[in-house]
Structures are given as C-alpha cells and as structure tokens.
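Encoded as structure tokens, the structure appears first; notes follow it.
Derivation of every value follows stated rules applied to the coordinates shown; laboratory data play no part. As the structure is a computational prediction, the values presented were derived from the model and not from experiment. Cβ sites come from the backbone with ideal geometry, for glycine too, and all protein chains shown count toward neighbours.
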Amino acid sequence: MKISKIIFLIFILLTLINIVNAESSQFPITNILLKVTPVQDVILEGKPAVFDIEITNNKEGGEIKSIITDSNWRKESNYGFYKIDSGRTLKDTIKFYPIGKLAPGKYSLNVRTYLTSKPEEYTDTNFIITVVPYKDLIEAKYEYNPQGLSPNKENIVTLKLRNRQSLNIENLNVKIISEILNQNFNTDLMNNEEKDFPFTINLGNIKEGDYETNIFILLDNNIAANVTELLKIGIYSDVKESKKEEFSFLTKTLEITKKNNGNNIAKETYTKTFSSFQNLFTKVNPEPSNIEKLDGAYQYKWDFTLNPGDSYFILIKTSYGKPIIILLIIILLIYLVYRRNYAGLTMTKKVLLLRSKEGNIAGLKILLILKNQGNLLRNVRIEDIIPGVLELPHEYGTLKPNSTKQGVTGSIVNWEILQLLKGEERVIAYKMKSRVTNLGQLTLPKATCRYKDNEGKISVVRSNSPML
C-alpha cells in the first residue's frame with residue numbers, strides 16, 4: 001500500500017515537471033524589449049486607443065514583427081514590420097480599434113513581438129484599455145442665486161459641465177429646453193475638465209416655484225447626458241435703479257442709485273466697463289468688490305445687499321483736465337529739449353541775378369547757407385548740380401570747392417567741411433555765367449548735404465529748389 005502511494009506521488013511529480021516545461025516553451029525569454037507609454041488608454045465605444053512604444057533589439061539585427069493575439073481588436077501602426085539593428089531602439093505609435101461593439105469595461109490586449117527569423121522566441125506585452133460608455137459621460141448641473149431667480153429683473157444662471165472621464169471630448173452639442181431657459185451650443189471638454197457657461201435670463205412677471213429644465217447633450221449622435229434640473233423662482237424683489245449724469249469741462253460725473261422697493265432682502269450686482277484710457281482717469285466711490293480685465297477693458301463690479309427700503313449709491317467721476325494739462329507740458333518740454341539738442345542741420349539755397357549793362361541776365365550768384373542747430377557734426381559733404389545752360393563757377397567765396405566735374409547735361413561741384421560746431425553757420429558762395437543770352441524761367445536743382453553726428457549716424461538733408 002505504501003509502495004503504491006509512493007509510485008503515485010512520483011507520477012504526479014513528473015507530470016508537474018512536464019507542465020512547467022511546456023509553459024516555459026510557450027513564454028520563452030527574448031532580448032526584444034518593449035517600453036509602452038499610454039497616450040489614450042481610456043476610450044469611448046468604437047474609438048481607438050493610442051499608445052507610444054519603444055522597441056529595443058538587444059540581440060542580432062533583423063526584421064521584427066508585432067502582432068495582436070486578441071481577435072476583438074485591430075492594430076494599426078506606422079510600420080508593417082520593424083527593421084532594427086542590434087542594440088538599436090525604434091519608436092512607433094500604435095492604435096487599437098475594437099472590432100464590433102464591445103461592452104464597457106477594462107480590457108487586456110496581448111501583443112506578441114518577435115524576430116521573423118526566430119518566431120519561436122517572442123515577447124508578450126499586455127496593453128490595458130478601458131472602454132467607457134457614452135451614457136452619463138458628462139455631469140451637468142446649474143449654479144445660481146440660492147434664494148432663487150427673481151422675477152422682473154435680469155438673472156445669471158451658470159450651467160456647469162464636467163467630463164467624468166480621462167479623455168478629450170470635442171464638439172459636444174448641448175441643448176437646454178425649458179419654459180424659462182432655452183440654449184443650443186457646441187463646446188469641447190478636455191479630460192476631467194469642468195466648464196462654466198453663464199446665461200442671462202429675463203423672467204418678467206412669473207410665479208414663484210420650481211421649473212423643470214432638460215439638459216440634453218449629444219456626442220457623435222450618442223447621448224452623453226440627459227438630465228432634468230430644477231430652477232427655483234424666488235420671492236419678488238422690486239429694486240429700482242436710477243442714473244444721473246453731469247458734464248463739465250473735460251469731466252463726466254455718473255451717479256447710480258439702487259433702491260429696494262420690494263418686500264425681501266435683495267442681493268444686487270452692478271457692473272461698469274471702462275476702456276484702458278478711461279480707467280486711468282476714473283475714480284469711484286465706494287471701491288468696487290472686484291475689478292476684472294477683459295479684452296483690454298476694465299470691468300468694475302459692485303456686490304451689495306439691500307434690505308427693504310434701503311438704497312445703494314455709486315459715484316463714478318472721469319476727469320481728463322489735469323492729466324491733459326500735464327501731458328501737454330511734458331510734450332512741450334520734450335519738444336524744447338529736442339529743438340535744443342537734436343534739431344540737426346538745415347540748408348537753404350538762395351540765388352542772386354547778375355545782369356549786364358543792357359539789363360540782360362549775364363550770370364548767377366548762388367548762396368548755400370548751412371545752419372547747425374544741433375550737436376557737433378563731422379565730415380560734412382555738400383554737392384550742388386549746375387544745369388547745362390550755365391558754365392562752371394568762375395568765382396567762389398571764402399570756401400573753395402574740393403572738386404568740380406563737367407558733365408554732358410550739367411556740372412557737379414563738391415565741398416567738404418571737417419566739422420560744424422553746435423550753432424555754427426557757414427555760407428558757400430559762387431558765381432557762374434550763362435551759356436545763353438536769355439535764361440528764361442529756370443529751376444535750379446536742390447543741393448545735397450551728407451554728414452555724421454556724434455554717434456556716427458549718417459544723415460542727409462537737401463536744400464530748397466529756387467526758381468528764376
């Protein structure tokens with residue numbers, strides 16, 4: 001009896017050893033390594049899951065294949081196969097598409113990677129994908145005055161939407177259907193994002209009570225939310241607002257008064273928007289509860305509570321008088337400083353007629369007057385063009401030209417002055433004869449002057465163009 005038990009135990013032990021050897025051959029150790037980074041592992045029904053992978057070949061180089069062993073999914077990647085040399089790593093993005101309709105839940109997909117030359121050696125990698133339903137994908141609720149919406153006044157109701165899942169949702173269609181609020185718009189929600197959508201409601205004269213509103217949200221023609229929420233209409237509060245405006249020289253004064261003529265406590269808000277320019281010159285009393293910058297403008301917001309019979313007074317005063325006077329003084333000072341230090345060089349061209357004994361024009365005398373109204377100038381070069389009907393100058397003043405050049409249609413005369421001191425004035429004079437008996441109406445060309453200032457900047461000025 002004991003011998004038979006021993007034989008039976010030995011048989012069981014040998015069987016277990018064979019099973020272990022069989023499992024080892026099904027899951028051999030390989031030198032192909034996979035690093036997986038989820039990009040989108042939470043998906044909606046029918047949408048693809050996305051993963052980034054890095055494949056490292058620690059063995060001999062060759063062609064590597066990666067296949068999915070689960071028939072409920074289809075794999076897409078950028079490669080039909082991977083050609084990876086030994087010791088190298090390749091990156092890829094793969095997508096898993098469900099085949100048919102899968103129930104919501106968590107799925108483990110097995111991907112087998114192997115060298116095509118040695119398919120018996122492979123690496124199995126599990127990809128975890130969570131499929132979530134469209135139903136109840138979005139949480140929707142209202143936020144508004146807890147005392148209820150007030151009839152006969154403007155109310156703000158905020159629709160708060162929350163994405164319950166860790167996935168990005170685009171082009172949600174949101175519809176609100178009710179007796180007191182109707183909206184239809186599209187929006188996006190990133191993973192686990194919350195968004196607020198404020199709406200203004202003017203109720204008019206409406207009874208107190210709870211009013212049903214249906215919030216219906218579609219995504220790809222699938223219902224992502226279908227919620228019924230109540231909006232409460234509160235007790236009637238009759239708050240009157242009056243405004244008084246006064247205008248004087250460059251000053252505007254606005255007085256706002258709000259009075260509660262109702263029979264209950266009223267929580268009130270007053271907002272006023274000012275441009276950036278207006279904001280610089282506006283004072284208010286009392287100070288606002290909040291100042292918010294919106295698209296370059298400033299929105300002042302006063303929050304206050306009015307008991308029955310109470311009034312709230314806001315004074316807004318915008319005055320441009322004193323700032324404008326200061327601004328004009330600053331501009332004047334800048335202009336005076338500029339005129340004193342940066343006015344630069346001016347050049348005026350004057351012409352005197354030289355007549356013969358018979359009274360005809362025998363020649364011309366030209367005066368080029370240079371005035372330095374700025375700082376020290378260097379390398380001052382003057383160029384004047386002599387029309388072809390006139391000869392080259394035959395007589396010069398104290399400043400002789402550095403060069404003259406005879407051309408076909410005219411001549412060019414050049415002078416060079418090493419420097420002009422601040423406030424210095426120079427006059428270049430020269431005479432020239434006419435080639436013709438009667439010059440008639442003649443317009444002389446502009447003279448040109450080039451110079452350098454203290455900073456080495458080259459500037460050019462031109463004279464006037466006098467006419468005979």
- Query: Non-local amide H neighbours of E268 (under 5 Å, H modeled in plane, Pro and chain starts lacking H): which ones?
  - Reply: F304, T305, L306
- Task: Mind checking which aspartates and glutamates have their Cα closer than 18 Å to the Cα of K365? Skip sequence neighbours fewer than 8 apart in that chain.
- Result: E383, D384, E391, E395
- Percent antiparallel among DSSP beta bridges (both partners in the stretch 138-233, rounded to 5): 95 percent
- Which net charge results for the neighbourhood of S459, defined as the other residues with beta-carbon distances under 14 angstrom from its beta-carbon, given Lys and Arg at +1 and Asp and Glu at -1? +4
- Message: Suppose R0 equals 51 Å. What FRET efficiency, 1/(1 + (r/R0)^6) with r the Cβ-Cβ distance, do S108 and I201 give to the nearest 0.05?
- Response: 0.55
- Item | Value of relative contact order over the stretch 241-319, rounded to a whole percent, pairs C-alpha under 8 Å and six or more apart | 42 percent
- Query: Summing Lys, Arg as +1 and Asp, Glu as -1, what charge do residues with Cβ under 14 Å from the Cβ of W73 carry, W73 excluded?
  - Reply: +3
- Points 7 angstrom from Cα along the Cβ direction at E245 and D303: gap in nanometres? 2.9 nm
- Item | Positive minus negative residues near I55 (Lys, Arg vs Asp, Glu; Cβ under 13 Å) | +2
- Over 32 Å between alpha carbons, listed pairs K322/K422; K160/K240; K301/K322: K322/K422
- Give, to the nearest whole percent, the P(r) tail of the chain beyond 44 angstrom, counting all Cα pairs. 62 percent
- So what's the Cα pair-distance distribution over the stretch 238-294, bin width 10 Å, in %? 16, 46, 29, 9, 0
- By per-residue mean of other Cβ atoms within 10 Å, what is the highest-first order of 384-393, 280-289? 384-393, 280-289
- Task: At 0.36 nm per residue, minus the direct Cα-Cα distance, what do I177 and D210 gain on full extension? Give it in nm, one decimal, please.
- Result: 10.4 nm
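Which peptide among 45-56, 316-327, 439-450 comes first, and what is the full order, when sorted by highest mean count of other Cβ atoms within 10 Å?
45-56, 439-450, 316-327
Using only the Cα atoms, what convex hull volume per residue in Å³ does the stretch 134-291 have?
Output value, Cα hull per residue: 153 Å³.
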- Over 20 Å between Cα atoms, which of K350/K457; K47/K101; K405/K452; K153/K283 qualify? K350/K457; K405/K452; K153/K283
- Item | Stokes-Einstein D for the stretch 407-463, Kirkwood Rh over Cα pairs, 4 °C, 1.567 mPa s (µm²/s) | 88 µm²/s
- Note on the structure: Nearest-0.05 FRET efficiency for I331 and D453 at R0 = 22 Å, using Cβ-Cβ distance, is 0.40
- Item | the chain - mean residue ellipticity at 222 nm from DSSP helices (-39,500 (n - 2.57) per run, n ≥ 4, rounded to 500) | -3500 deg cm²/dmol
- Task: Just grab the label-to-label distance for N192 and K267, each label 7 Å out from Cα along the Cβ direction, in nm (one decimal).
- Result: 3.0 nm
- Compute the long axis of helix 2-26 from its Cα atoms, compare it with the longest principal axis of the Cα atoms of the chain, and write down the angle in degrees, 0 to 90, nearest 10. 20 degrees
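Ranking request for peptides 86-92, 308-314: highest mean number of other beta-carbon atoms within 10 Å first, then the rest in descending order.
In descending order of packing, they fall as 308-314, 86-92.
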